[in-house]
Amino acid sequence: MDLPTFWYLTVGTLVIATAMTLWERKAHGERAVPLGIWAASYVVFAIGCVFAMKRDAFPGVTGAALTNILFVLAYLMVLQGVRCLDGKASIAWPAALLIVVAAIWAIAGEPYPVHVWTYVASLPIALACILTAIALSRSRAVRELRSRPVAIAVFFGHGVFYLLRGTVAPLLVAFYGESLLPVLAKVTMYEAVLFTVAMPMALMALIREEYQAQLLADSRTDFLTGLRNRQGFFELGARALRDGATQRPVSLLAFDLDHFKAINDRYGHDAGDAVLKLFATVARDIAGTDGVIGRLGGEEFAILLPGQDSMVASRIGEAVARGFAERAARSDGLQLTATVSIGLAEAASNTTALAELLSAADLALYKAKALGRNRIQIAGTEGVSEAA
């Protein structure tokens, strides 16, 4: 194919990428800003391609300079869209880079048009692409996504290609002669077509996978309390046990809010929801990041404590019960009496499954309730202590 055909193919690819990105934007409102920026960048890329095809129609190096500035602008827009994923977009230094590119064309464009267009103009593009790859590698928003390495590879590879074009290509042309320039132009267009296909696909893959991951997380999260639901608790708890197979002891606290139905009947369901949310907050604050906390259903909760024996777990359970009762009774809070019964079980061996541990804690919990509630019962013992 000749060069004009490559240009038209690139423009067509960018038009399709723009339409697909705008369509994707309608489905992902939470990522409307980066998707909108990327769609706009594809439009700028396409306009740059049109200018590139017609650059000889402009006086002097004006056409080439405008083309290069438009391309650099488009790459910087893609970078800003990536940075928007973490809320870090900035226009100060991209604007400065565009001014530098314009200054290079103003100073060196007329004396050295071929060298600036073929080599120097590649370097800002290489910089923008490598910075985009770095931004993706550091992004917290896409850190866990499987498509992130692919996106990083797309931008890093494109950046390295343009870096070589701006640094190694002049040496090759000096050695083999200017007959290499048409070959370099065709190779550049081949790579450009591949990039304009891979770039939108990689970026959309990030958004789609992030959305799917959020849906998956939501399906494992209790809407009211923000804790993990039963499925989420069992999945994360089993993973914690598996990852820390040699980390023993492991304890589990099972909680049941006392007389919760009576609270709903007397104060209303809004008060009942407030009680559940208050307990979740207290449990999260006291258990900390090491505890795996979940709402198993209704007024039943559980905390898995890897690395903690029953003595430490008992103190944590008592602290949760005490903090919950105190905060529920505050005059500036719910102003009601709320207590909790607790069952505690410690893993008997390294092979104890989470379901077995929870079953043992549940049996202890039922005994605590039978003995009058508002207390903690340790599985396999007769000792009972007041929880609050």
Selection from Y267, A328, F195, by position along the positive dipole direction of the chain (Cβ): F195
Reachable lysines, given that their alpha-carbon falls under 16 Å from the alpha-carbon of K369 and they are not under 8 places away in the same chain: K261
Solvent-accessible area of Y112 with every protein chain in place, 1.4 Å probe, in Å² to the nearest 10: 130 Å²
Carbon plus sulfur fraction of accessible area for the stretch 212-255, probe 1.4 Å, in percent: 55 percent
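Suppose accessible area is computed on protein heavy atoms with a 1.4 Å probe; arrange L184, L79 from highest to lowest.
Values: L184 30, L79 5 Å².
Of L184, L79, the descending order of accessible area is L184, L79.
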Where F156, F161 fall by accessible area, highest first, once all protein chains stay in place (1.4 Å): F156, F161
Alpha-carbon centroids, the stretch 277-312 and the stretch 6-55: separation in whole Å: 48 Å
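Leaving out ligands and nucleic acids, and using a 1.4 Å probe, what accessible area per residue does the chain come to in Å²? Provide the component values of the computation, followed by the final result.
Details: 19220 Å² over 388 residues.
Per-residue accessible area for the chain comes out at 50 Å².
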Shape category assigned to the stretch 68-196 from the gyration tensor of Cα positions, a/c cut at 1.5: oblate
Rounded tilt (10° steps) of 269-287 against the dominant C-alpha axis of the chain: 80 degrees
Relative contact order computed over the chain (Cα-Cα under 8 Å; 6+ residues apart), in percent: 12 percent
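Run the helix sum for the chain: -39,500 (n - 2.57) per DSSP H stretch of 4+ residues, divided by residue count, reported at 222 nm to the nearest 500 deg cm²/dmol. Numbers along the way, then the final one.
Working: 13 runs with 250 residues, N = 388.
Using -39500 (n - 2.57) per qualifying helix, the result is -22000 deg cm²/dmol.
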Angle between the chain longest axis and helix 32-53 axis [Cα atoms, degrees, rounded to 10]: 10 degrees
Selection of trypsin sites (Lys or Arg not before Pro), the stretch 97-153, meeting DSSP coil and at most 16 other Cβ within 10 Å: R140, R143, R146
Matching label, mean projected area of the Cα convex hull in nm² computed from the structure shown, candidates (1) 19.0; (2) 20.8; (3) 25.9: (3)
Within the accessible area of the stretch 31-129 (1.4 Å probe), percent carbon and sulfur: 75 percent
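Order 208-220, 64-76, 93-105 from most to least packed using the mean count of other Cβ atoms within 10 Å.
On the way: 208-220: 13.2, 64-76: 23.0, 93-105: 14.9.
Result, highest mean Cβ count within 10 Å first: 64-76, 93-105, 208-220.
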R375, R228, R242, R330, reordered so the largest accessible area comes first (probe 1.4 Å): R242, R330, R228, R375
For R228, net neighbour charge (Lys/Arg +1, Asp/Glu -1) across residues whose Cβ lies under 12 Å away: +2
Gaussian network model of the chain, Cα within-10 Å springs - most flexible of S314, S90, S251: S90
Per-residue HN-Hα couplings for the stretch 106-113 [Karplus 6.51, -1.76, 1.60; θ = phi - 60°; Hz; x = Gly/Pro]: 5, 8, 10, x, 5, x, 10, x
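The values are calculated or read from the model by the stated rules, or taken from the named source; none is laboratory data. All values derive from a computational prediction rather than experimental measurement. No Cβ is skipped: glycine too gets one built from the backbone with ideal geometry, and neighbour counts run over all protein chains shown. These area figures cover heavy atoms from the full protein model, side chains too; ligands, DNA and RNA do not enter into them. Shrake-Rupley method; radii C 1.70, N 1.55, O 1.52, S 1.80 Å.
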